[in-house]
Amino acid sequence: MHIIENGNVAAALGVLLCRVNVIAAYPITPQTPLTERLSEYVESGEMQAEYIPVESEHSALAVCIAASSAGARTFTATSANGLLYMHEQVQWAAGARLPIVMCVVNRAVGAPWNVWNDQQDSISQRDTGWIQMYCSDHQQIIDAVIKAYWLAEKVSIPIMVCYDGYILSHTYMPFDVPDQEKVDAFLSPFRPDYALNPDQPANLNTVTLPDVRMDVRGELAHGYMEIRYLLQEEMRTSLTVAAEAEKRFADIFGRGGDPYIEPYLCADAQYIAVGLGSLTYQLRVSVDVLRKEGIKVGVMGVRFYRPFPDEALAEALKGKKGVIVFEKALSYGYEGALVSDLKSALYDHLAGTGVMPMVQNIILGIGGRDIRTEDLTQALRAAAKSRVSRQPVWIGLKL
Amino acid sequence: MQAKTTILSLPTQEFVHPGTRACTGCGLAIAYRVGLKALGKDTILIVPPSCLTVLQGLFPIASTKLPCLNVTFASTAAAATGILAALKSQGKTNIKVAAWAGDGGTSDIGLQALSGAAERGDNFIYLCYDNEGYMNTGAQRSGTTPIGALTANTPFKGKLQQKKDVPAIMAAHNLSYIAACSASYPLDLFDKIRKCVDMPGTKYIHIHIPCPPGWGYDPRYGIKIGRLAVETGYYDLYEIVNGEFKLTAASEKLVEKRKLIPVREYFRSQSRFKILADTQIAEIQHQIDAKWAGYYKKDE
Ligand SMILES: Cc1ncc(C[n+]2csc(CCOP(=O)(O)OP(=O)(O)O)c2C)c(N)n1
Ligand code: SF4
Ligand SMILES: [Mg+2]
């Protein structure tokens, strides 16, 4: 069914369709309309779930962690400082290998207070062991939530579905809401290998030693390092599983594409703009303008940020003259996190091949600073003249 | 009224394997063993980092025979909510949820989550075992460390502030059941857990836990010291049932006896109180006497 709604509602509908059992959330702008909508579904009886209005984000994820450990499909959502307040739990959920899905409605972090959009919140959680997906429009939000449950439960790794605050969360766009039967065909009920229960007592997340240790039957059990190694290995494997998810999804719902990247006019482009989220759709407008000027540019959205699709990106960018990475977040003291990751991927896959593009980083839209399409166009035009600066270039800055 | 459990009628089934990693003479080991007997098999436990994490053993060997979720320090009560929500969504109504946390995990870092769960009225038992300090990290002060106690981070002057009264904080949440217990009176603990298990909403049980290394005494005297805390009128055993306060067990008997052991004996039994001056002890004795005068008056 096609409807016109905002991005938060798209996410809420995804959660509804996935028959989530336990939802826990704490209000923070711009996530609030999403979780309010979920409370409406639950209170009205439209959704059979437990909705827990917790007293903090730390507890929101605590509820999801515990409920997931007891075999429930769980959901939470947050933004900015809410996500930062969860940080301990974010790491815990990944270490405990729980397939929790959380929407991160991207917003700038304090201090100073700022409720507008950038992506510093989710980028700052890059190294927590969560899969991160970024959405560029409302259709991608609802679809990503559905895919995320399938993938998370397949690989036992939690997933953040990230989308830009206001730009997506509060704007209205048409999108298709899939039929419940199709979602049920795509996603079966959550059946974990183990869920806490008195008939099969187990002590979960106990103190685990640096070295491996014998159990009472004399079998070797993992040490902490093996457990963490497996998280890394299975994160990497989940790249392949994500492709499987995308294919299954396309088979059932008839839409989808490359699971990792979303190229626009990239095939013959000499310069490619790269980014996360809605920004890449805005960049398409600039690409269209520059194409008319005869400048061969394209834009590529990164849909999957962790695990990082290094191979897919290197393959797509090899032989290009330049790559311009637009970021609404920073690793303070260096550059955008995405550009660092991208350069490392290019180096790994293309060093010495002679097809290594120049890379430039542009920082913009921090704390909701207006991103003018003319500025994007101008930045791309300038980069296409190969005026590459080694330092990140800030645009829209008024100093 | 339920009959009082005796050592002969205590269930023989054990839920804690012998040979835990607790210190010799640990009061927690006693309270946990008896407490789990009271909770019984159909229970899911939640434990934050504390001595109890250590007591339960190192992966892959556990000393507890009940399912247990180890959680982050501040999240104990919220985790209880999460398990309850999962059980509810699965239609499982026969499984109890019991959180066991230390005094630091309860009175300090976990208080917000506990207050949140209690305010929501989530149906579980929260047991705070109070060894009056952050013992797992080497005996630093906590909110419930009593005034005058030397700790690893109040090394010379002792703690200058009073013990935080967590049961009173929980009483402000209008819980169906609150109790104060002691590891030195394990059967009383057993009966109180059994009594409240099926009561609605959040139930809060506070357990005084003598701790040889943290308090500074020879392990063999643990039970005696826990009893002294009660017999001196310093730590009281009581219940608050639907808002009604009542002294119980040994403390109730003290009202009949009208005679308390001088608190000095309690303080002098542990090296953590060695800097407590006679004048300070006299001051605390005065406070205890005033508190008990109130109890006596109520009894008349
Ligand atoms: C967020 C966080 N801060 C600090 C710690 C370190 N820590 C672990 S156990 C503990 C002390 C626990 O004290 P208490 O709750 O009283 O239990 P006890 O050890 O006395 O049994 C501390 C401070 C931690 N694990 N997590
Ligand atoms: S430090 Fe105290 S509470 Fe902790 S295990 Fe040892 S005796 Fe028990
Ligand atoms: Mg303690």
- Task: Check A:PRO192, A:PRO174 and return the single one that is in contact (Cβ under 8 Å) with a residue 60 or more places away in the chain, outside any helix (DSSP H, G or I) and assigned by TED's automatic domain parsing to the domain that holds A:GLU153.
- Result: A:PRO174
- Message: Please pick out the residue among B:PRO219, B:PRO186, B:PRO155 that is surrounded by fewer than 19 Cβ atoms within 10 Å (Cβ to Cβ), more than 14 Å from chain A (Cβ to nearest Cβ) and within 16 Å of ligand 2 (Cβ to nearest atom).
- Response: B:PRO219
- Could you say whether any residue in the stretch B:200-211 is more than 16 Å from the chain's Cα centre (by Cα) and not charged (D, E, K, R)? yes
- Message: For the stretch A:195-243, which positions are touching a Ser or Thr at 6+ places or on another chain (Cβ under 9 Å), within 7 Å of chain B (Cβ to nearest Cβ) and either in a strand (DSSP E or B) or more than 27 Å from B:LYS65 (Cα to Cα) (or both)?
- Response: A:ASN203, A:LEU204, A:VAL207, A:ALA221
- Message: What pairs come out if I take residues in the stretch B:9-31 that are away from chain A (no Cβ under 13 Å) and free of Cβ contacts under 8 Å to residues at least 40 places away in the same chain and pair them with residues that are away from ligand 1 (no atom under 16 Å from the Cβ) and of a type outside the set (Val, Ile, Thr) whose C-beta lies under 6 Å away, six or more apart or interchain?
- Response: B:PRO11/B:LYS37
- One residue from B:LYS92, B:LYS88, B:LYS41, B:LYS65 being more than 7 Å from chain A (Cβ to nearest Cβ), more than 15 Å from the chain's Cα centre (by Cα) and not β-branched (Val, Ile, Thr): B:LYS92
- Quick check, is A:GLY45 buried (at least 24 other Cβ atoms within 10 Å of the Cβ) and at pLDDT 95 or above? no
- Message: As an exercise: evaluate B:VAL166 against (1) among the hydrophobic types (A, V, I, L, M, F, W, C); (2) within 16 Å of ligand 1 (Cβ to nearest atom); (3) farther than 27 Å from B:TRP215 by Cβ and give the number of the one condition it does not meet.
- Response: (3)
- Task: Any residue in the stretch A:45-65 that's within 7 Å of another protein chain (Cβ to nearest Cβ) and closer than 20 Å to B:ILE46 by Cα: show its pairings with residues that are of a type in the set (S, T, N, Q) and surrounded by fewer than 20 Cβ atoms within 10 Å (Cβ to Cβ) at Cβ separation under 8 Å, as long as the two are six or more apart or on different chains.
- Result: A:GLU55/B:GLN112; A:GLU55/B:SER115; A:SER56/B:GLN112; A:SER59/B:GLN112
- Which residue out of A:TYR172, A:TYR194, A:TYR166 is surrounded by fewer than 19 Cβ atoms within 10 Å (Cβ to Cβ) and more than 19 Å from A:THR74 (Cβ to Cβ)? A:TYR172
- Task: Output the residues belonging to the stretch A:354-363 that are free of Cβ contacts under 8 Å to residues at least 40 places away in the same chain, surrounded by 18 or more Cβ atoms within 10 Å (Cβ to Cβ) and part of a loop (DSSP other than H, G, I, E, B).
- Result: A:MET356
- Message: If I filter the stretch A:334-353 down to residues being hydroxyl-bearing (Ser, Thr, Tyr) and part of a helix (DSSP H, G or I), which single residue comes out as nearest to the chain's Cα centre (by Cα)?
- Response: A:SER340
- Task: State the number of residues belonging to the stretch A:260-292 that are in a loop (DSSP other than H, G, I, E, B) and buried (at least 18 other Cβ atoms within 10 Å of the Cβ).
- Result: 6
- Item | Residue that is nearest to B:ILE281 (Cα to Cα) [pool: residues in the stretch B:166-203 that are of a type outside the set (A, V, I, L, M, F, W, C) and within 16 Å of ligand 3 (Cβ to nearest atom)] | B:SER182
- Item | Members of the stretch A:69-89 that are closer than 28 Å to A:HIS138 by Cα, within 12 Å of chain B (Cβ to nearest Cβ) and touching a residue at least 60 places away in the same chain (Cβ under 8 Å) | A:ALA72, A:ARG73, A:PHE75
- Query: Looking at the stretch B:34-47, is at least one residue small (Gly, Ala, Ser) and either more than 15 Å from ligand 2 (Cβ to nearest atom) or closer than 23 Å to A:VAL20 by Cα (or both)?
  - Reply: yes
- Query: Do the conditions hold for B:ILE61, that is, is it among the β-branched types (Val, Ile, Thr), in contact with an Asp or Glu (Cβ under 8 Å, 6 or more places away or on another chain) and away from ligand 1 (no atom under 16 Å from the Cβ)?
  - Reply: yes
- Query: Taking the stretch B:48-62 as the search range and keeping residues that are within 12 Å of ligand 2 (Cβ to nearest atom) and β-branched (Val, Ile, Thr), which one is nearest to the chain's Cα centre (by Cα)?
  - Reply: B:THR53
- Given (1) in a helix (DSSP H, G or I); (2) more than 27 Å from B:LEU66 (Cβ to Cβ), A:ARG255 misses just (1)
- Item | Those residues of the stretch B:95-117 which are of a type in the set (A, V, I, L, M) and at the interface with another protein chain (Cβ under 7 Å from one of its Cβ atoms), in sequence order | B:ILE95, B:ALA113
- Task: Taking only the stretch B:86-106 into account, find how many residues are surrounded by fewer than 24 Cβ atoms within 10 Å (Cβ to Cβ) and either of a type in the set (D, E, K, R) or within 16 Å of ligand 2 (Cβ to nearest atom) (or both).
- Result: 3
- Could you check B:SER89 against (1) within 16 Å of ligand 3 (Cβ to nearest atom); (2) over 22 Å from B:ILE193 (Cβ atoms); (3) in contact with a strand residue (DSSP E or B) (Cβ under 7 Å, 6 or more places away or on another chain); (4) not aliphatic (A, V, I, L, M) and say which number it fails? (1)
- Message: more than 10 Å from chain A (Cβ to nearest Cβ), within 16 Å of ligand 2 (Cβ to nearest atom) and out of contact with any Pro (no Cβ under 7 Å at 6 or more places or on another chain): which single residue out of B:TYR134, B:TYR126 fits that description?
- Response: B:TYR134
- Message: Against the definition (under 30 Å from A:LEU313 (Cβ atoms), more than 14 Å from every other protein chain (Cβ to nearest Cβ) and touching a residue at least 12 places away in the same chain (Cβ under 8 Å)), how does A:ALA250 come out, yes or no?
- Response: no
- Task: Tell me which of these B:CYS128 doesn't satisfy, since it passes every other one: (1) within 16 Å of ligand 3 (Cβ to nearest atom); (2) hydrophobic (A, V, I, L, M, F, W, C); (3) surrounded by fewer than 24 Cβ atoms within 10 Å (Cβ to Cβ).
- Result: (3)
- Item | Which listed residue, of A:ILE157, A:ILE146, is among the β-branched types (Val, Ile, Thr) and assigned to a helix (DSSP H, G or I) | A:ILE146
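The values are calculated or read from the model by the stated rules, or taken from the named source; none is laboratory data. Note that the structure is a prediction, hence the values are computed from the model and not measured. Glycine also receives a Cβ, built like all others from the backbone with ideal geometry; neighbour counts cover every protein chain displayed.
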